[in-house]
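The values are calculated or read from the model by the stated rules, or taken from the named source; none is laboratory data. Being a predicted model, the structure only gives us computed values, none of them experimental. Cβ sites come from the backbone with ideal geometry, for glycine too, and all protein chains shown count toward neighbours. What goes into the accessible areas is simple: the full protein's heavy atoms, side chains included, and nothing from ligands, DNA or RNA. Shrake-Rupley method; radii C 1.70, N 1.55, O 1.52, S 1.80 Å.
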Amino acid sequence: MCVDTNVCECDEGWAGRSCDQDLDECWYGRDKCDHVNGGCINTQGSYNCTCNAGLQLYNGTFCSAIPDTDECAKDNGGCEQNCHNTHGSFVCSCDTGYNLTADNRTCVDIDECITNNGGCDYDCTNTVGGRTCSCEENFRVVAETICRDKDMYPYGKEVHEQPRRWDFSVCQREELPMEGFRFFGRRHHNIYICDNGIAGFDEIVRPGYPSSLDDDVFSQKAVLAPFLAKSSATVLDSLPEDQRTHIFYSFYQRNDGHPATDLILNRTRDDGRSTPGFYAPTYEPVWALVVTWTRIAPDCSDYGNGLCPLPHDQLPVNNFQLVISTDGTLSFASFIYPDAGQQWVSPDEAKAGGIDRPNKNFIAVGGYSAGDNTTTEGLVYKPPWVSSGTGVDFSGKDRLISPPGWPFNVSMRNLHRVNEGEGKWQFALQEESDPSPQPGVVSCSQWLRRQEVEDPRLLFGYDELPSVGSCPCFAEQAWHDATYNLPSSISSRPTCATSRRRVHAFNNKAEDEAAFQSCCMDAETERNGWYCDRFVMHRPLTSLPQADCTNYGVHIPWRMVSRGDPHLTTMDGNNYSFNGLGDFLLADVNNREYQVQCRMSLATGSDHATMITAMIAYQRDKQPVQIQVVGDSSLELYVNGSQTDLSVFEEEGYELEVGDNSLVTQPANNSLLVVFFSGISVKATTKKGMLSVEFSSPPEFKGKVRGLVGKFDGDESNDFESSNGTIVPVDASERQLYEDFGITWQLTSEDGPLKSLFPDHTRDSFRTRSTFYPHFTDEITFSDPDLETRARATCRNNTDCLFDISQTGDIEFGNVLLEAEEEFDNSKKLLNMFPPILTGPYSVHATVGETVTVVVTAADPTTRFPRFVLGSEVPDAVQLNVRESEATLVWQVESDSPFKLQLDVYNAENTSAQYWPVVYMCPCLNGGNCNSSVDPDPSFAGGEKK
């Protein structure tokens, strides 16, 4: 519109002097669209509003939801099977096995069998909405479509198994379950599976060609060969996956959680019980191994340029299985050949003519060799229609003409036709009358399988268990170490000391001791000590120690002693005297987890000196053990408040177990010993009506012991820590130690950490005399000069001895003290004496006619040149050469007569160690060779265990 000279007024949506330019309402925001739920699109002279998906435009500008009706809610939307609602509409679909017809509503069944036989190996039957595969007689359906010979054990997808791949130029090593595998006179712990139809129990080189199992190559090798052929596991790798060579193998062990284990073990049980010629009606295997070779093709490497004459998808292939099982004592094997599973027996069959080619080379073999030079067997079959003879060996055979009366040829391709067409060959791998080798392995494995927790190291708190450390080095150390039990008589031969330490009480002590014998003694050398390691894992504190005794705990002085009247030696080695009257805390371990309390009574003949007359050893929430003096040299024992008849200790070696945490034994008539299974021990000995107390704590409690025994942390300067934590200097006077340290550990009748546990029947009933104050050893006075003279003659400069005699008026009290100190010093010296550490071979293999050289080295911090001495049984043929700390034994082996090869080594303190290896004698007559690669069980070495 023209509104003035050269002035135009434009219509809405246009701009410019001539109104010929479109105005972008969307850009300038002049539109009226709903920008929250939609948008704006510019047009020439105008714009259009749009809405987001699922919304509808109202009045050209406003966006609102479109009301949706669920068409599927009524009559399924008219769909025959499945209805899917959409915004404003719906869609029909069909179940698997049906197609949607042209009306988009109804469904029609698909005949799956029309295409590729429905994927079925044999027969396909169409069903409404699907199909069913079935197999011919004696076959089973696997994974819905596969037909598998019923004689075959389950494998592959049937048992969730994947094919195995490895470098097929070698045989794959697998460790056998704990029982190993008994194969006639030997027990094996590994199996070597080869791709070409053989498995060895000794390490074998993959055979390039099939050789008879009685050839020299297998004379020393234990093998099972269901179908050893010149084959290749890779020649079919260019074909689709389901047409390639596949090898499967899996172990099945009782209670392993595998869904197929019960089925496999029950079947191997039945096969073992039904093995021809062997009676085993109660056989129950504990593990089985199933090895399956599928689509094994001939090796074409001998053909021109290494190429197969036939296309790879036309090569003949073989299928077969090896199944072994054992209960540890008996072992069985089965070779299984499915119907028509052996399509070739020689690589020549890859040529034109195939099966009918005469004079084939490298025909496959089968059978076993025990690797003992004598026990071999092929695939011998005696049909029921043959009344005499020993049968026919199929191994290495491919006769084109059958024997008279036979319905089939004697050929490796017909192995599935024998034994009533089952295709199963069964073997018992032992004679019924032969003893089982290494029976300790069997009994140990039986015990291990009975343990409810397979690996207790995974249990909460296992890592908190204390370390076992090392055994004592010699019998005298064990004798003075309360945590060990030693026979009452010690001979010159090796002596067995039994640790009294335990994590907890035995569930069945006899059973566990038998298991220790089996696992750690009888099977000691099997699998490099694996069985003992497993036993130790379940029973940590009954384990074998380290090879030497360098970590024996007495390197730390971990004993406290009360000598006569309360003259005490702290755990860290400070001597002091404390004459308290009443009940006192000798030792508190780990904040009241353990306590040792003592009662101090007036010494005979004195009003100012005391002696220990009773003690209690206690673990929290367990039964307390009380020992008290009766008369001059007798003791009474109370367990949980009840008196125990000491006549029970008249039986030699008797140990009274107290609950599940401790035991009491009687080392002497006037002594009782309390041993907690944690390693803490308390020994009480009576003389002259008083108790001498020895307290021991293992190193793991270092830093956790307080009381009159002192603060046990390796630091002598802080020994005298009072009950409130105050430290009294070690050079304090005896009076100050009494007032600021000793008295703070006095017990009361009040509840708390210092509550007395002594019951009312304890002698000198609990009391505190306010008028009592002791005399001190630095204030010794004698009222009788003659007594003083005799005391000084007896005690010399021993102040504690002089004090005891001055207070009691009895010379014998001084003698008792001197004897106790001498006994303690001797015990401490013995505990800290260590023999040389010897290094040498554990076993020695000797062959008659050869020279054996053994080098033994000795290490000892006290002696540079130890003394080496040959044992009395060592023959003159063994020469000893010594150079400083190294000894060389040179033995000209002239006889296989057994003897003890013993070398004794002494240090400057005349402490000795003994080198005594296991000697394996091998006469090797008639050109034989000795195998020294594996140590046999030492229980068979010279008829003597190490």
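Here are the numbers for this structure:
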| read-out | value |
| --- | --- |
| Filter result (open to solvent by 80 Å² or more (accessible area, probe 1.4 Å) and either over 12 Å from Leu903 (Cα atoms) or over 42 Å from the mean Cα position of the chain (by Cα) (or both)) within segment 861-881 | Pro861, Arg864, Phe865, Asp876, Gln879, Asn881 |
| Inter-residue pairs, beta-carbon under 6 Å, first farther than 24 Å from Arg864 by Cβ and in segment 884-905, second open to solvent by 20 Å² or more (accessible area, probe 1.4 Å) and among the acidic types (Asp, Glu), 6+ apart | Val893/Glu850; Phe899/Glu873; Lys900/Glu873 |
| Any hit, segment 575-591, residues being at pLDDT 90 or above and open to solvent by 50 Å² or more (accessible area, probe 1.4 Å) | yes |
| Long-range neighbours under 6 Å by Cβ, at least six apart or interchain, first residue among the polar types (S, T, N, Q) within segment 135-158, second open to solvent by less than 30 Å² (accessible area, probe 1.4 Å) | Thr145/Cys120; Thr145/Cys133 |
| Filter pass, Ala333 being under 25 Å from Asp214 (Cα atoms), open to solvent by less than 10 Å² (accessible area, probe 1.4 Å) and outside any loop (DSSP other than H, G, I, E, B) | yes |
| Matching residues in segment 696-750 - criterion: being part of a strand (DSSP E or B), among the hydroxyl-bearing types (Ser, Thr, Tyr) and crowded, with 18+ Cβ neighbours inside 10 Å | Ser696 |
| Candidate set from segment 887-938 (those that are over 18 Å from Ser843 (Cβ atoms), in a loop (DSSP other than H, G, I, E, B) and of a type in the set (D, E, K, R)); member that is modelled with the lowest pLDDT | Glu909 |
| Count of residues meeting criterion [more than 37 Å from the chain's Cα centre (by Cα), hydroxyl-bearing (Ser, Thr, Tyr) and open to solvent by 10 Å² or more (accessible area, probe 1.4 Å)] in segment 652-687 | 1 |
| Residue under evaluation His246, criteria (1) surrounded by 19 or more Cβ atoms within 10 Å (Cβ to Cβ); (2) without any contact (Cβ under 8 Å) to a residue 40 or more places away in the chain; (3) farther than 30 Å from Glu431 by Cα; (4) of a type outside the set (Ser, Thr, Tyr), criterion not met | (2) |
| Candidates Gly200, Gly185, Gly208 - the one that is touching a strand residue (DSSP E or B) at 6+ places or on another chain (Cβ under 8 Å) and without any contact (Cβ under 8 Å) to a residue 40 or more places away in the chain | Gly200 |
| Helices (runs of 4 or more DSSP H) completely within segment 751-847 that count 2 or more residues being open to solvent by 30 Å² or more (accessible area, probe 1.4 Å) and farther than 21 Å from Leu586 by Cα | 785-795, 811-831 |
| Test for Asp195: is it at pLDDT 95 or above and open to solvent by less than 30 Å² (accessible area, probe 1.4 Å) | yes |
| Complete set of residues in segment 273-287 that are open to solvent by less than 50 Å² (accessible area, probe 1.4 Å) and either more than 23 Å from Glu452 (Cβ to Cβ) or of a type in the set (S, T, N, Q) (or both) | Thr275, Phe278, Ala280, Tyr283 |
| Selection count where residues are basic (Lys, Arg) and either touching a residue at least 60 places away in the same chain (Cβ under 8 Å) or open to solvent by less than 30 Å² (accessible area, probe 1.4 Å) (or both), scope segment 394-431 | 2 |
| Residue satisfying all of: in segment 368-386; outside any strand (DSSP E or B) and touching a residue at least 40 places away in the same chain (Cβ under 8 Å); surrounded by the most Cβ atoms within 10 Å (Cβ to Cβ) among these | Leu379 |
| Residues within segment 14-38 that are on the phi > 0 side of the Ramachandran plot, at pLDDT 85 or above and open to solvent by less than 50 Å² (accessible area, probe 1.4 Å), tallied | 1 |
| Residues of segment 61-77 that turn out to be closer than 24 Å to Asp24 by Cα and open to solvent by less than 40 Å² (accessible area, probe 1.4 Å), as a count | 1 |
| Residue satisfying all of: in segment 635-651; open to solvent by 60 Å² or more (accessible area, probe 1.4 Å) and more than 42 Å from the chain's Cα centre (by Cα); nearest to Ala603 (Cα to Cα) among these | Gln643 |
| From Ala370, Ala364, residue being farther than 18 Å from Val418 by Cβ and modelled with pLDDT of 90 or more | Ala370 |
| Odd one out for Thr96, checked against (1) closer than 30 Å to Thr145 by Cβ; (2) open to solvent by 80 Å² or more (accessible area, probe 1.4 Å); (3) part of a strand (DSSP E or B) | (3) |
| Selected residue (only one of Glu524, Glu454 is assigned to a loop (DSSP other than H, G, I, E, B) and at pLDDT 80 or above) | Glu524 |
| Among (1) surrounded by fewer than 18 Cβ atoms within 10 Å (Cβ to Cβ); (2) at pLDDT 85 or above - the single one Thr495 does not satisfy | (2) |
| Segment 755-802, residues that are touching a Ser or Thr at 6+ places or on another chain (Cβ under 6 Å) and aliphatic (A, V, I, L, M) | Ile780 |
| Segment 619-633: number of residues that are loosely packed, with under 13 Cβ neighbours inside 10 Å and farther than 19 Å from Ser697 by Cα | 4 |
| Pair list, Cβ < 7 Å and 6+ apart or interchain, from segment 801-821 residues that are farther than 13 Å from Lys688 by Cβ to residues that are open to solvent by less than 20 Å² (accessible area, probe 1.4 Å) and among the basic types (Lys, Arg) | Glu821/Arg563 |
| Residue check for Leu265: open to solvent by 10 Å² or more (accessible area, probe 1.4 Å) and of a type outside the set (Val, Ile, Thr) | no |
| Selected residue [open to solvent by 10 Å² or more (accessible area, probe 1.4 Å) and in contact with a helix residue (DSSP H, G or I) (Cβ under 7 Å, 6 or more places away or on another chain)] from Asp270, Asp327, Asp299 | Asp299 |
